[in-house]
């Protein structure tokens, strides 16, 4: 929970952007850990929420990484 709150706080203070790798990683790791906890304590609604947050953060991170220009294309310019 601390990781999610930390990411949210930093984003609201304009320290990081919600599409930044650091924000997405904090959200993915935090929600992944909370999803495991929700599963272990059988909190199914909370599990669904955390799994959705986890996959959303991971998808954002993957999309961000795939949009980066490759080093080879940078050298050609």
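The values are calculated or read from the model by the stated rules, or taken from the named source; none is laboratory data. From a predicted model like this one, the values you see are computed outputs, not experimental measurements. All Cβ positions, even for glycine, are placed from backbone atoms using ideal geometry, and neighbour counts span all protein chains on display.
One line per residue, one yes/no per condition, for (1) at pLDDT below 95; (2) in contact with a helix residue (DSSP H, G or I) (Cβ under 9 Å, 6 or more places away or on another chain):
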site: 8; (1), (2): yes, yes
site: 18; (1), (2): yes, yes
site: 22; (1), (2): yes, yes
site: 32; (1), (2): no, yes
site: 37; (1), (2): no, yes
site: 42; (1), (2): no, no
site: 52; (1), (2): no, yes
site: 69; (1), (2): yes, no
For this session: Select from segment 54-67 the residues that are assigned to a helix (DSSP H, G or I) and more than 16 Å from residue 4 (Cβ to Cβ) and write down the one among them that is modelled with the highest pLDDT.
Result: 59
Exercise. Here is a list of conditions, (1) without any contact (Cβ under 8 Å) to a residue 24 or more places away in the chain; (2) part of a helix (DSSP H, G or I), and residue 16 meets all of them except one; can you say which number that is?
Worked result: (2)
